[in-house]
Amino acid sequence: MGANIPNNDYDYLFKVVMSGDFGVGKSNILSRITRNEFDVESKSTIGVEFTTRTYHIDNKIIKAQIWDTAGSQEKYAFARLYYREAKGVLLVYDITNHSTFENVELWLKKIRESTDANNVVIMLVGNKSDLEDSRQVSIEEGKSFAEREQLLFIETSALDATNIEQGFTNFLNHIYNNVTSP
Ligand code: GTP
Ligand code: MG
């Protein structure tokens, strides 16, 4: 699988990787992006899966190939393979679970060890924003971490779809700019 090999279907292929602790909502963000679906009883992801969706940016056809695995499995040895040739990473935490935010630092370390900083766009995603009453991570906390680490930042809800479409489109635009004018 080579990235950015032109063929008849698309002008650019962007591999994007879902990252972050188990249970933060990676698979539901993905199903919201690709099928506009949410699953209340979703099971933990087994193995590695990817799904694609086609976008149009700047009159170009962009194929986003989004990789997903379980937060628990990601911690193991195949991380390097998993992140290989990724053009973007969605680093997700759960705003109702502070420890998933604390672990973002570890994820970031792993991502940076496995990717080339100049060629990858990382977006920090605080998910489950619909659960305002159970919030343990403030927007400011998320935002200032992202600023310090030079990450894009957004809060989303896969459940009610808040910021999913806009957030992902913005993320892809950053990747496109990064790839076309590095
Ligand atoms: P692993 O595959 O185990 O790493 O988990 P994951 O990060 O893929 O999480 P998953 O998408 O399976 O979601 C875990 C649980 O959180 C499920 O019960 C979802 O229904 C729930 N969930 C996911 N996103 C949201 C959200 O935005 N709001 C709310 N309220 N619940 C969510
Ligand atoms: Mg999953």
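All of the numbers you see were taken from the coordinates with simple rules; none came from a lab. Note that this is a predicted model, so its numbers are computed, not measured. Cβ sites come from the backbone with ideal geometry, for glycine too, and all protein chains shown count toward neighbours.
One line per residue, one yes/no per condition, for (1) in contact (Cβ under 8 Å) with a residue 60 or more places away in the chain; (2) aliphatic (A, V, I, L, M); (3) out of contact with any strand residue (DSSP E or B) (no Cβ under 6 Å at 6 or more places or on another chain); (4) buried (at least 18 other Cβ atoms within 10 Å of the Cβ):
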residue	(1), (2), (3), (4)
104	yes, yes, no, yes
108	no, yes, yes, yes
115	no, no, yes, yes
122	no, yes, no, yes
127	yes, no, no, yes
148	no, no, yes, no
164	yes, yes, yes, yes
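Inside the stretch 42-95, can you point out the residues that are exposed (fewer than 14 other Cβ atoms within 10 Å of the Cβ), in a helix (DSSP H, G or I) and among the aliphatic types (A, V, I, L, M)? Residue satisfying the conditions is 81 alone. Of all the residues in the stretch 30-41, those that are at negative phi and assigned to a loop (DSSP other than H, G, I, E, B) number 5. Of all residues in the stretch 17-55, which are in contact (Cβ under 8 Å) with a residue 40 or more places away in the chain, aromatic (Phe, Trp, Tyr) and either closer than 17 Å to residue 172 by Cα or out of contact with any helix residue (DSSP H, G or I) (no Cβ under 7 Å at 6 or more places or on another chain) (or both)? Correct list: 22, 55.
Listed here are the residues, each with its yes/no results for (1) within 16 Å of residue 89 (Cα to Cα); (2) near ligand 2 (Cβ under 9 Å from one of its atoms); (3) of a type in the set (A, V, I, L, M, F, W, C).
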position	(1), (2), (3)
21	yes, no, no
29	yes, no, yes
35	no, no, no
38	no, no, yes
42	no, yes, no
50	yes, no, yes
54	no, no, no
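Of everything in the stretch 102-144 that is part of a helix (DSSP H, G or I) and closer than 19 Å to residue 164 by Cα, the residue that is farthest from the chain's Cα centre (by Cα) is 132. Could you grab me the full set of residues in the stretch 154-182 that are among the hydrophobic types (A, V, I, L, M, F, W, C) and in a helix (DSSP H, G or I)? Across the stretch 154-182, the qualifying residues are 164, 168, 171, 172, 175, 179.
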